[in-house]
Structure formats: structure tokens, C-alpha cells
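**Q** Before anything else, here's the structure in question.
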């Protein structure tokens, strides 16, 4: 079975690495805003994108999902006819022990000795059925919101479902 992209950071088996006061040179999160649309609108329907299994979602995957869902909703409904919110935050810092891949590299690197790694990215840890993205729309615009969340789910590295 072929691996899906982002497989190396998709699952976790270690404690979260989140103490940013002790970590130097943390990469900035790509997500700048977490709420879009009209927060004061009176919308009757709420749709939620949830993962079906536990895992990690990198900040650039969350940003890609946010962009595609926001573009779809804004184009079809307009800025004031929906409210979308990202419900997870990328707290976990991902580390990587970089290895050299050229002739003679075995004499330059240490292998697994002192292999703690340097911070390379951020990720949000999610549990099954924990809301990732939440969309509020009027009753007659549910199908458009479902299309937006379906597009957003293609950017999430684990199987997900849309709940009403």
C-alpha cells in the first residue's frame, strides 16, 4: 500500500514537545488567523471536520486546509454569510536529526549518538473525533459548506469525516 504524504510526522508515540521557553529557534506557525467570515452572524447549521484516528497535523497542512475552505466559502457565499473557525493549534514542536547523504558522510556525522534533533516544524496533536475546522452557515447553504470541508479534508494527513 503506498504511503500518504507527511507519513513521518502523522503518528506520535512520544510525549509532546511544547515547552517553548526552553526551545531555541522555533519555526513560526504558518496559521495567522483562526476565525473567518462573520462571527456575529446568526447561523442555524454547524458542520465540523473531525479526524477518524489520532495523529498529528502539521501547521502547513492546517494552513492549506484553511485557505482552500475559506476561498470556496467566500466565492460561493460571500464574506458575511458564513463563519469558519480553526479549532486546533500547532503547539507540538517537531524535531529532526538531519543526516548527510553523500560520499564520506559516515566520517562526518555521529549517527544515532546525541540524536535529539533540531526544531524543524510545528504540529497539532488531535484525538479521534476532535473538531479541526468548524463552519456555521444558514440552513439552505449546508451543501456549499460540505464541499468546502471536503476540499479541506484532502489537505489533512489522516482520514476525516464531516459531521453535522
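**Q** Collect the residues in region 113-153 that are free of Cβ contacts under 8 Å to residues at least 12 places away in the same chain and within 30 Å of residue 98 (Cβ to Cβ), keeping them in residue-number order. Spell out the reasoning first.
**A** Within region 113-153, the first condition is being free of Cβ contacts under 8 Å to residues at least 12 places away in the same chain, and the residues that meet it are 113-114, 140, 143.
113, 114 - these are the residues of region 113-153 that are free of Cβ contacts under 8 Å to residues at least 12 places away in the same chain and within 30 Å of residue 98 (Cβ to Cβ).
**Q** For residues that are in a loop (DSSP other than H, G, I, E, B) and touching a helix residue (DSSP H, G or I) at 6+ places or on another chain (Cβ under 6 Å), tally how many sit in region 27-45. Give the derivation first.
**A** Step one: filter region 27-45 for residues in a loop (DSSP other than H, G, I, E, B), giving 27-34, 38-44.
Going one step further and asking which of them are touching a helix residue (DSSP H, G or I) at 6+ places or on another chain (Cβ under 6 Å), we end up with 29-31, 44.
Qualifying residue count, region 27-45: 4.
**Q** While we're looking at this one, here's another question. Within region 133-141, does at least one residue satisfy the condition of being part of a loop (DSSP other than H, G, I, E, B), modelled with pLDDT of 90 or more and within 25 Å of residue 12 (Cα to Cα)?
**A** From region 133-141, those part of a loop (DSSP other than H, G, I, E, B) are 138; that's our starting set.
This time we only want the ones that are modelled with pLDDT of 90 or more, so: 138.
Filter again for within 25 Å of residue 12 (Cα to Cα), leaving none.
No, region 133-141 contains no residue that is part of a loop (DSSP other than H, G, I, E, B), modelled with pLDDT of 90 or more and within 25 Å of residue 12 (Cα to Cα).
**Q** Right, here's the next one. Restricting to region 45-87, count the residues that are surrounded by 19 or more Cβ atoms within 10 Å (Cβ to Cβ) and closer than 30 Å to residue 118 by Cα.
**A** Total meeting the criteria: 11.
**Q** If you don't mind, another one. Restricting attention to region 142-164, and to residues there that are outside any helix (DSSP H, G or I) and exposed (fewer than 14 other Cβ atoms within 10 Å of the Cβ), which single residue is farthest from the chain's Cα centre (by Cα)?
**A** 164
**Q** Test of understanding: among 85, 58, which residue is touching a helix residue (DSSP H, G or I) at 6+ places or on another chain (Cβ under 8 Å) and under 18 Å from residue 153 (Cα atoms)? Outline the logic, then answer.
**A** On the way: 85 fails: touching a helix residue (DSSP H, G or I) at 6+ places or on another chain (Cβ under 8 Å).
Every option except 58 fails the conditions.
**Q** Hey, does region 60-75 have a residue that's within 19 Å of residue 162 (Cβ to Cβ), within 21 Å of the chain's Cα centre (by Cα) and assigned to a loop (DSSP other than H, G, I, E, B)?
**A** No - not one qualifying residue is present in region 60-75.
**Q** Which residues, counting only those in region 5-26, are exposed (fewer than 12 other Cβ atoms within 10 Å of the Cβ), under 15 Å from the mean Cα position of the chain (by Cα) and either at pLDDT 70 or above or part of a loop (DSSP other than H, G, I, E, B) (or both)?
**A** 5
The values are calculated or read from the model by the stated rules, or taken from the named source; none is laboratory data. No experiment lies behind these values; they were computed from the predicted model shown. Cβ atoms come from the backbone with ideal geometry, glycine included; neighbour counts cover every protein chain shown.
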